[in-house]
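Below you'll find the structure, written out as structure tokens, and then a few comments.
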Amino acid sequence: MPVPGLTLDTGALIALERADKRMRARLLAAEQDGIDVTVPAAVLAEWWRGGNGRQRNILECVEVESLTELVAKVAGDARADALQATSPTGPKPSGIDAIVMASAAQRGDVVYTSDFDDLELLRAFLPGVARVLQT
């Protein structure tokens with residue numbers, strides 16, 4: 001059975017930028033094992049702030065995925081379904097959260113996030129995601 005790739009959200013990139021030991025170990029292990037690490041372009045837009053040296057180094061280790069019309073539509077549908085299914089005080093996934101999950105679902109990736117509840121809610125509507133893990 002193929003090993004799933006990794007998809008990172010903004011929180012995972014921030015953890016890497018802050019030299020979080022667990023996230024750095026995960027990225028290094030993925031690199032050593034030849035596992036693809038994907039960052040959706042929308043996440044890059046949310047995270048990028050001028051491109052300091054650490055940000056540029058992180059980008060050398062990942063594949064930035066462009067947003068396609070199909071992924072955007074799948075994300076929009078999943079977000080609408082998730083928002084309809086939750087209570088007024090429950091998780092409120094953003095458009096970028098939905099893009100992360102729709103991107104990961106098309107590959108069967110594991111997603112690393114700091115917004116676990118929001119992305120786990122979306123996972124119910126995007127079952128192609130292997131797992132959602134907290135950064």
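So, R26, is that one free of Cβ contacts under 8 Å to residues at least 60 places away in the same chain and either loosely packed, with under 15 Cβ neighbours inside 10 Å or not in a loop (DSSP other than H, G, I, E, B) (or both) or not?
Details: free of Cβ contacts under 8 Å to residues at least 60 places away in the same chain: no; either loosely packed, with under 15 Cβ neighbours inside 10 Å or not in a loop (DSSP other than H, G, I, E, B) (or both): yes.
Spelling it out, it is not the case that R26 is free of Cβ contacts under 8 Å to residues at least 60 places away in the same chain and either loosely packed, with under 15 Cβ neighbours inside 10 Å or not in a loop (DSSP other than H, G, I, E, B) (or both).
Within the range 1-46, how many residues are among the charged types (D, E, K, R) and within 18 Å of I99 (Cβ to Cβ)? Show your work before the answer.
Residues of the range 1-46 among the charged types (D, E, K, R): 9, 17-18, 20-22, 24, 26, 31, 33, 36, 46.
Filter once more, keeping what is within 18 Å of I99 (Cβ to Cβ): 9, 36, 46.
Residues that pass the stated criteria total 3.
Is it the case that G128 is of a type outside the set (A, V, I, L, M, F, W, C), in contact with a Gly (Cβ under 9 Å, 6 or more places away or on another chain), without any contact (Cβ under 8 Å) to a residue 40 or more places away in the chain and part of a loop (DSSP other than H, G, I, E, B)? Working first, answer last.
Details: of a type outside the set (A, V, I, L, M, F, W, C): yes; in contact with a Gly (Cβ under 9 Å, 6 or more places away or on another chain): yes; without any contact (Cβ under 8 Å) to a residue 40 or more places away in the chain: yes; part of a loop (DSSP other than H, G, I, E, B): yes.
When the stated conditions are applied, G128 passes them.
For P127, state whether it is loosely packed, with under 15 Cβ neighbours inside 10 Å and either under 16 Å from T7 (Cβ atoms) or polar (S, T, N, Q) (or both).
Criteria met by P127.
Could you check the range 79-97 and list, in sequence order, the residues that are over 16 Å from L44 (Cβ atoms), assigned to a helix (DSSP H, G or I) and of a type outside the set (A, V, I, L, M)?
If the condition is that a residue be over 16 Å from L44 (Cβ atoms), assigned to a helix (DSSP H, G or I) and of a type outside the set (A, V, I, L, M), then R79, D81, Q84 are the ones that fit.
Going through G90, G51 one at a time, which residue ends up being at positive phi and of a type outside the set (S, T, N, Q)?
Every option except G51 fails the conditions.
For the range 119-135, what are the residues that are aliphatic (A, V, I, L, M) and touching a strand residue (DSSP E or B) at 6+ places or on another chain (Cβ under 8 Å)?
Pass one, the range 119-135, residues aliphatic (A, V, I, L, M): 119, 121-122, 124, 126, 129-130, 132-133.
Within the range 119-135, L119, V129, A130, V132, L133 qualify.
Residue check: is A42 modelled with pLDDT of 95 or more, within 12 Å of the chain's Cα centre (by Cα) and part of a helix (DSSP H, G or I)? Explain how you work it out, then say what you get.
Working: modelled with pLDDT of 95 or more: yes; within 12 Å of the chain's Cα centre (by Cα): yes; part of a helix (DSSP H, G or I): yes.
So A42 passes the test.
Find the residue count for the range 47-82, including only residues that are closer than 18 Å to D36 by Cα and among the small types (G, A, S).
Of the residues in that region, 1 qualify.
If only one of V100, V62, V74 is under 16 Å from the mean Cα position of the chain (by Cα) and more than 16 Å from V43 (Cα to Cα), which one is it?
On the way: V100 fails: more than 16 Å from V43 (Cα to Cα); V62 fails: more than 16 Å from V43 (Cα to Cα).
Matching residue, one of V100, V62, V74: V74.
Does L70 satisfy the criteria of being assigned to a strand (DSSP E or B), surrounded by fewer than 16 Cβ atoms within 10 Å (Cβ to Cβ), of a type in the set (A, V, I, L, M, F, W, C) and on the phi < 0 side of the Ramachandran plot? First the steps, then the outcome.
Values: assigned to a strand (DSSP E or B): no; surrounded by fewer than 16 Cβ atoms within 10 Å (Cβ to Cβ): yes; of a type in the set (A, V, I, L, M, F, W, C): yes; on the phi < 0 side of the Ramachandran plot: yes.
So L70 fails the test.
Residues to consider are A75, A102, A82; find the one that is closer than 14 Å to L122 by Cβ, in contact with a Phe, Trp or Tyr (Cβ under 6 Å, 6 or more places away or on another chain) and surrounded by 11 or more Cβ atoms within 10 Å (Cβ to Cβ).
Result: A82 is the single residue among A75, A102, A82 that is closer than 14 Å to L122 by Cβ, in contact with a Phe, Trp or Tyr (Cβ under 6 Å, 6 or more places away or on another chain) and surrounded by 11 or more Cβ atoms within 10 Å (Cβ to Cβ).
The values are calculated or read from the model by the stated rules, or taken from the named source; none is laboratory data. Keep in mind that this is a model prediction, so the values were computed, not measured. Methodologically, a virtual Cβ is constructed for each residue, glycine included, from the backbone with ideal geometry; neighbour enumeration extends over all protein chains shown.
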